[in-house]
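Q: Just dropping this structure here.
The values are calculated or read from the model by the stated rules, or taken from the named source; none is laboratory data. Note that the structure is predicted; figures quoted are calculated from it, not measured. We place every Cβ from the backbone using ideal geometry, glycine too, and count neighbours over all the protein chains shown. Ligands, DNA and RNA are excluded from the accessible area calculation, which covers all protein heavy atoms including side chains. Shrake-Rupley method; radii C 1.70, N 1.55, O 1.52, S 1.80 Å.
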Amino acid sequence: MFDLKAATKKLLDGCVIPSTTGIKLFTPDGQGNYKAVWARDFAYMVEYAGKLISIENIKENLEYLLEGAAPNGWIPDRVEEDKTARYTAGGGDFPANPNLDNGCFIILAVDTYLNLIEPEEASSFFTKWCDTLCRGIDCLPINRDGIIENISTPPHSPYGFTDCICKTGLLAMETLLLWRALNCLYKRLPQNNIRKNTYFQYIKNIENSFVNIFTSPEGMFYAATGTCKQIDIWATCYAVSIGFPISDFQKNQIADWLLKNYDSIVYCGQIRHLPANTYWEATFIDVPKNTYQNGAFWATATGWFFDAIASFNASKACSLIDDLLQYFKNVGIYECVGPGYKKLDTYVASATNVYGIYEKYLQLKSNLNK
């Protein structure tokens with residue numbers, strides 16, 4: 001059997017590069033293609049495989065990212081090896097405003113880190129970082145319902161695994177990340193903090209409005225309400241995986257849709273962003289069909305897909321992971337793939353995000369074999 005833990009640890013060890021300040025930066029891949037620490041990729045590493053990284057390395061990379069926060073609050077998309085902070089996807093000519101997910105991701109990573117250390121030490125670090133974390137949320141374009149609204153000119157680049165996609169209007173995946181981040185902040189903020197009630201109201205507003213705003217006739221969630229109002233497989237599965245409040249009826253609808261469309265949206269255990277034979281309505285740069293973020297299949301979302309179907313079809317959920325592990329063993333751990341297509345070997349999030357549900361998979365598989 002393929003040893004996912006060992007493979008994940010090998011990728012985490014292999015993705016490290018030195019910064020000019022001497023700390024070890026955890027980059028998205030093990031081949032040096034991404035010479036920076038990315039907020040979202042590092043957050044995934046910490047959330048799903050944090051126990052395979054030293055506590056000191058986690059703290060150093062978090063501080064490296066937080067020190068790059070802009071005066072107006074924006075958390076960097078990435079910080080390069082010379083401490084240059086970048087706030088938008090791509091190069092300096094990328095035609096978008098700053099990414100909408102980094103403030104949320106850094107909070108999720110910090111929250112995981114604080115749960116790994118002693119409570120007194122965790123309280124001290126949260127106090128130290130609190131204002132930077134909160135300003136990374138306060139700068140986001142949030143409407144009165146607590147929903148991320150992308151209406152600027154040019155639009156913001158959205159969730160980083162769709163950072164080439166020009167989603168506008170109200171945004172689903174980005175709001176789900178915000179909901180999680182707000183919950184993390186709310187539980188740690190002291191009662192006398194002026195932001196606490198505001199964040200609580202945002203949380204409740206999101207819970208009260210999200211399903212009505214984004215639900216498609218099939219029960220899946222749309223990616224956006226403006227441009228790219230298309231079924232978002234990743235966001236839908238993520239909502240189930242993180243325990244966002246969805247009715248049992250809709251969870252059944254979601255699992256039913258995923259299972260009925262399984263063969264066209266899953267390739268060797270890896271997941272498409274959109275339904276089969278559909279492509280994003282608008283992109284910031286050219287992304288050819290059936291490549292990268294416009295039709296390729298990713299292991300990044302496999303664990304969320306597993307969570308969305310496991311309660312409804314345990315056998316299929318296990319076969320999803322079986323197929324993926326077989327692909328990892330025989331072909332490699334890539335950023336994204338497809339029939340006749342592979343992009344970037346040794347991509348860390350492809351392993352860490354699946355490692356996050358690995359124990360659940362092994363237990364489910366064991367139960368099926370009894």
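Q: Among the residues of the stretch 131-154, count how many are open to solvent by 50 Å² or more (accessible area, probe 1.4 Å) and either in contact with a Lys or Arg (Cβ under 8 Å, 6 or more places away or on another chain) or of a type outside the set (S, T, N, Q) (or both). Before the answer, list the steps.
A: The first filter runs over the stretch 131-154 and keeps only residues open to solvent by 50 Å² or more (accessible area, probe 1.4 Å), leaving 131, 135, 138, 144-145, 149, 151, 153-154.
Narrowing the set further to residues that are either in contact with a Lys or Arg (Cβ under 8 Å, 6 or more places away or on another chain) or of a type outside the set (S, T, N, Q) (or both) leaves 131, 135, 138, 144-145, 149, 151, 154.
Total satisfying the criteria: 8.
Q: Here are some conditions: (1) in contact with a helix residue (DSSP H, G or I) (Cβ under 9 Å, 6 or more places away or on another chain); (2) buried (at least 20 other Cβ atoms within 10 Å of the Cβ); (3) over 21 Å from Tyr44 (Cβ atoms). Gly295 meets all but one. Which one does it not meet?
A: (1) is the only condition that Gly295 fails.
Q: From the set of residues in the stretch 28-50 that are acidic (Asp, Glu) and in a helix (DSSP H, G or I), which is most open to solvent (accessible area, probe 1.4 Å)? I'd like the intermediate steps shown before the answer.
A: Taking the stretch 28-50 and keeping what is acidic (Asp, Glu), we get 29, 41, 47.
Of the ones still in play, those that are also in a helix (DSSP H, G or I) are 41, 47.
Details: Asp41: 8, Glu47: 53 Å².
Looking at the filtered set, the residue picked out is Glu47.
Q: Only residues in the stretch 350-370 that are modelled with pLDDT of 95 or more count as the first member; pair them with residues that are assigned to a loop (DSSP other than H, G, I, E, B) and surrounded by 11 or more Cβ atoms within 10 Å (Cβ to Cβ), Cβ under 6 angstrom, at least 6 apart or cross-chain, and list the lot.
A: Ser350/Ala299; Ser350/Ile333; Ala351/Ile333; Asn353/Thr300; Val354/Ala299
Q: I'd like the full set of residues that are in a helix (DSSP H, G or I), open to solvent by less than 50 Å² (accessible area, probe 1.4 Å) and either over 25 Å from Lys360 (Cβ atoms) or not hydroxyl-bearing (Ser, Thr, Tyr) (or both), limited to the stretch 226-258.
A: Passing the criteria: Ile233, Trp234, Ala235, Cys237, Ala239, Val240, Gln250, Ile254, Ala255, Trp257, Leu258.
Q: Could I ask something else about it? Please enumerate the residues belonging to the stretch 259-282 that are surrounded by 19 or more Cβ atoms within 10 Å (Cβ to Cβ) and among the β-branched types (Val, Ile, Thr).
A: Ile265, Val266, Ile271
Q: With the requirement that a residue be part of a strand (DSSP E or B) and open to solvent by 10 Å² or more (accessible area, probe 1.4 Å), what does the stretch 59-118 give you? Before the answer, list the steps.
A: Filtering the stretch 59-118 down to residues part of a strand (DSSP E or B) leaves 78-80, 85-86, 97.
Matches in the stretch 59-118: Arg78, Glu80, Ala85, Arg86, Asn97.
Q: On to the next question. Can you name every residue in the stretch 78-122 that is more than 20 Å from Cys184 (Cα to Cα), in contact (Cβ under 8 Å) with a residue 24 or more places away in the chain and charged (D, E, K, R)?
A: Arg78, Glu80, Glu81, Asp82, Lys83, Arg86
Q: Give the stretch 200-225 a look and list any residue that's assigned to a helix (DSSP H, G or I) and either over 18 Å from Gly243 (Cβ atoms) or open to solvent by 10 Å² or more (accessible area, probe 1.4 Å) (or both), or say none. I'd like the intermediate steps shown before the answer.
A: Restricting attention to the stretch 200-225, the residues satisfying the condition of being assigned to a helix (DSSP H, G or I) are 200-214.
Correct list: Phe200, Gln201, Tyr202, Lys204, Asn205, Glu207, Asn208, Ser209, Val211, Asn212, Ile213.
Q: All but one of (1) part of a helix (DSSP H, G or I); (2) in contact with a strand residue (DSSP E or B) (Cβ under 9 Å, 6 or more places away or on another chain) hold for Leu25, so report the exception by its number.
A: So Leu25 meets the others, but not (1).
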